[in-house]
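Student: To start, I am sharing the structure in question, which I have written as structure tokens.
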Amino acid sequence: QGLVSFDPGMFNTAVCHSSVAYIDGDAGILDYRGYPIDELAEHCTYLEVAYLLVYGELPTPPQLSAWEAEITIHRFIPENVKKLIDAFPYDAHPMSKLMSAVSSFHTFYPESRESDEQHRPELQIRRLIAKMPTLAAFSYRHSEGLPFVYPVDDVPYVENFLRMLFKMGEREYRPDPRLVRAMDVLFMLHADHEQNCSTTTVRTVASSGNGPYTSVSAGIGALFGPLHGGANEAVLRMLREIGTKDRVPEFIAGVKAGGARLMGFGHRVYKNYDPRARIIKNTAHDVFEVTGVNPLLEIALELERIALEDEYFVKRRLYPNVDFYSGLIYEAMGFSPQMFTVLFAIPRTAGWLAQWREQVTDSEQKIVRPKQIYTGHPRRAVVPLDQRG
Ligand code: CMC
């Protein structure tokens, strides 16, 4: 079979050159285009960070105004995509609706299929970043049996998303600015994470010549899995199952005995405290000031305290990751657990698109086609049906 290295999960295989994000897992560092994530979270908004990821530089004030105006123009979704969302069973997971809706854009915007100049990637990038919150809000309201709320032009990106989600009856929903800021920070923290499972999927699908909608739709599918974006939903299930703070030691003993994984802990790359988890922990306190404390918080804090001192976790370098506290915040803000992964997918779209473009414009790239190590039967002759048995 020639010289083949066996690398399941691609632990040791670099598949691209990328200038989008940098992670030092041992030091617990994450930078976007050279900027530390904590500085971006402190000084920027999500749309500034999306611009940074897509174009490589933070926008100047006029560039940001133009970018925000263009994103605003594209917030509406085609009427038939609305009908597509409406056609799903009421209990369909919003991630399934999101995946289907994004892949349907490939048919609504045919120019995205061309691989030449007409491809107009700038337009597709704006469309997708603009429409994700609308798709997410419509998917959520469909699950809840609520009428859709349309985007409005004079409200910023994140606030507009919260208004589309939570408007009840005739009354306007005006979210507390602290909740809007918290969501903006969470969006920034989730915007990119170099070659994770979903980004690798986006690049793989792009490598066969696909445009952004098909590629990002596949990325949403990869993110859906509980070991990737679905982990924060699993964290809340776990915290509920534990039930009370005094049952934490018993649960940890079960994890160590191989009964279950401690969800929201461990990371393929971070062998130190995930820098995003640190920021999210602070954001949680800001949110709880508005919403009141999520009662599951004390179980989470106790889990973290015990795990960080326990030899099993210390030896394997397992620390809280981005998902450990985010679910607690989302729940306190009124999101149903099914929406948690959607709240990951919306901001990650900027990162996926930056990486999609890097992939399709990189002359070194080839169609992704890994090797395998065959473990099946040696070659043999087919026995005709009447002679088998
Ligand atoms: N709880 C208990 N043990 C664990 C955990 C955990 N959460 N994570 C890893 N381990 C153990 C694992 O059993 C193994 O032990 P041993 O060496 O004795 O066999 C060792 O640590 C290494 O685990 P691994 O599965 O080889 O590590 P990985 O890098 O392939 O997996 C991971 C990374 C994130 C899938 C894993 O840590 C995990 O399943 N965590 C829980 C799910 C989770 O929180 N996922 C969110 C990831 S962050 C968001 C994102 O980037 O999408």
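No value in this document is a laboratory result; all are computed from the given coordinates. Computed from a predicted structure; not experimentally measured. In this analysis, Cβ positions are derived from the backbone assuming ideal geometry, glycine residues included, and neighbour counts consider all displayed protein chains.
Student: Which pairs turn up if I take residues in the range 159-174 that are closer than 19 Å to Val290 by Cα and look for partners that are surrounded by 13 or more Cβ atoms within 10 Å (Cβ to Cβ) and of a type in the set (D, E, K, R) with beta carbon separation below 6 Å, at least 6 apart in sequence or on another chain?
Tutor: As it stands, the answer is Tyr173/Arg163; Tyr173/Lys167, since those pairs meet every condition given.
Student: Still on this structure, please answer the following. Exactly one of (1) surrounded by fewer than 24 Cβ atoms within 10 Å (Cβ to Cβ); (2) within 30 Å of Ala136 (Cβ to Cβ); (3) among the charged types (D, E, K, R) is unmet by Arg348. Its number?
Tutor: (1)
Student: Filter the range 49-67 down to residues that are of a type outside the set (A, V, I, L, M, F, W, C) and within 21 Å of Val20 (Cα to Cα) and give me whichever is nearest to the chain's Cα centre (by Cα).
Tutor: Filtering first and then ranking leaves Tyr51.
Student: From the list Tyr55, Tyr46, exactly one residue is touching a residue at least 60 places away in the same chain (Cβ under 8 Å) and of a type in the set (Ser, Thr, Tyr). Which is it?
Tutor: It is Tyr46.
Student: A follow-up question, please. All but one of (1) within 20 Å of Arg369 (Cα to Cα); (2) under 15 Å from the mean Cα position of the chain (by Cα) hold for Leu189; state the number of the condition that does not hold.
Tutor: With respect to (1) within 20 Å of Arg369 (Cα to Cα); (2) under 15 Å from the mean Cα position of the chain (by Cα), Leu189 is out only on (1).
Student: Are there helices (runs of 4 or more DSSP H) fully within the range 294-339 with at least 3 residues that are surrounded by 21 or more Cβ atoms within 10 Å (Cβ to Cβ)? List them.
Tutor: Correct list: 297-309, 323-333.
Student: Given the conditions (1) of a type in the set (Ser, Thr, Tyr); (2) surrounded by 21 or more Cβ atoms within 10 Å (Cβ to Cβ); (3) under 27 Å from Glu172 (Cβ atoms), report the number of the one that Ser112 does not fulfil.
Tutor: (3)
Student: Could you check the range 197-293 for helices (runs of 4 or more DSSP H) lying wholly inside it with 3 or more residues that are under 30 Å from Glu111 (Cβ atoms) and within 14 Å of the ligand (Cβ to nearest atom)?
Tutor: Of the helices (runs of 4 or more DSSP H) lying wholly inside the range 197-293, those with at least 3 residues that are under 30 Å from Glu111 (Cβ atoms) and within 14 Å of the ligand (Cβ to nearest atom) span 197-207, 212-224.
Student: Still on this structure, I have one more. Would you say Val342 is surrounded by fewer than 17 Cβ atoms within 10 Å (Cβ to Cβ), within 15 Å of the ligand (Cβ to nearest atom) and not in a loop (DSSP other than H, G, I, E, B)?
Tutor: no
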